[in-house]
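What follows is one structure encoded as structure tokens, with my remarks underneath.
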Amino acid sequence: MQITYYGHASFQIEGSKSLIFDPFISANEMAKDIDVATLKADYILVSHGPQDHVVDVETIAQNSEATIISSFEIVTWYGGKGLKGFPMNHGGKKTFDFGTVKCVNAVHSSVLPDGTYGGNPLGFVISNEEKCFYFAGDTALTLDMKLIPMTCPKLDFAILPIGDNFTMGYEDAVIASDFIECDKIIGCHYDTFGYIQIDHDAAKKAFADKGKELILMDIGQTIEL
Ligand code: NI
């Protein structure tokens, strides 16, 4: 499985199909070297509504005829713009041609850029015969994360927000990694704005002290997991 980081909470994960998560690229100065017009995906997974997670959904969906997987409210909103989608909500799972998506709780808010209610903010657990991973979306640390190992296959890795202020910080993300029983964490939702700048070495050390790995990817970097 190839994972490419486009900054903030934007990732492309490619196996048999290409998935893009929460594309916020063209409005992110730190991701100015990424050309959104060249990005193609089979699916775009949108965890929740604000600009810093959806700004490039339309461009990528139009350029690649991608299917948007998100809350009922967000999929309906994009449907009004002529884009195709598949609606889900907390607790539900669905098997697609790339694997199974389970929607799990995220403790946050979700409003679309024009003020439309975005439904519940979502996290996604995605599994197939190759791998299982958790994309947490924007969330606080929550006890509900303990349900993931009880209800999903064993996680190979997880993408967790670590920037604090709007989501959990890295200290809470270490606890989250215990709750989800996963020792390989990719950090996201940090450094993009002044509110969420973090000390990379301190964050990595907090995980390393517990025998865990925190991966902080460079924007544009691709890794294989
Ligand atoms: Ni956010």
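The values are calculated or read from the model by the stated rules, or taken from the named source; none is laboratory data. Treat the numbers as computed from the prediction; the structure is a model and nothing was measured. Positions of Cβ are generated from backbone atoms using ideal geometry, with glycine treated the same way; all protein chains shown enter the neighbour counts. The protein model used for the area step is the full one, side chains on, heavy atoms only, and it has no ligands, DNA or RNA in it. Shrake-Rupley method; radii C 1.70, N 1.55, O 1.52, S 1.80 Å.
The alpha-carbon of K154 sits under 30 angstrom from the alpha-carbons of these lysines, leaving out residues fewer than 8 places away in its chain: K17, K40, K93, K94, K102, K131, K146, K184, K204, K205, K210, K212. Measuring only protein heavy atoms, the 1.4 Å probe finds D183 accessible over about 90 Å².
With both residues required to sit in the chain, DSSP beta bridges show an antiparallel share near 55%. Restricting the chymotrypsin sites (Phe, Trp or Tyr not before Pro) of segment 127-158 to loop positions (DSSP other than H, G, I, E, B) with no more than 10 neighbouring Cβ atoms within 10 Å leaves nothing. Its relative contact order, with pairs defined as Cα atoms under 8 Å and 6+ residues apart, puts segment 68-164 at 21 percent.
Farthest towards the positive end of the charge dipole of segment 2-224, among the residues G115, T151, G7, is the Cα of T151, using unit charges on the Cβ of Lys, Arg, Asp and Glu.
Normalised Debye scattering of segment 145-225 at q = 0.21 Å⁻¹ gives log10 I(q)/I(0) of -0.96, counting only Cα atoms as equal scatterers and leaving out solvent. Divide the volume of the convex hull around the Cα atoms of the chain by the residue count and you get 107 Å³ per residue. Per residue, the chain exposes an accessible area of 42 Å² to a 1.4 Å probe, with every protein chain left in place. Taking all protein chains as they are arranged and a probe of 1.4 Å, the heavy atoms of T38 leave approximately 90 Å² accessible to solvent.
Counting protein heavy atoms only, the chain has 48 percent of its accessible area on carbon and sulfur, 1.4 angstrom probe.
Taking P121, P87, P50 as the candidate residues, the one with maximal mean-square fluctuation in a Gaussian network model of the chain, Cα springs under 10 Å, is P87. At a probe radius of 1.4 Å, what is the per-residue accessible area of E224, in Å² to the nearest 10? My reading of the accessible area for E224 is about 120 Å². Pair-distance distribution P(r) for segment 92-204, from all Cα-Cα distances in 10 Å bins starting at 0: 14, 44, 31, 10 percent.
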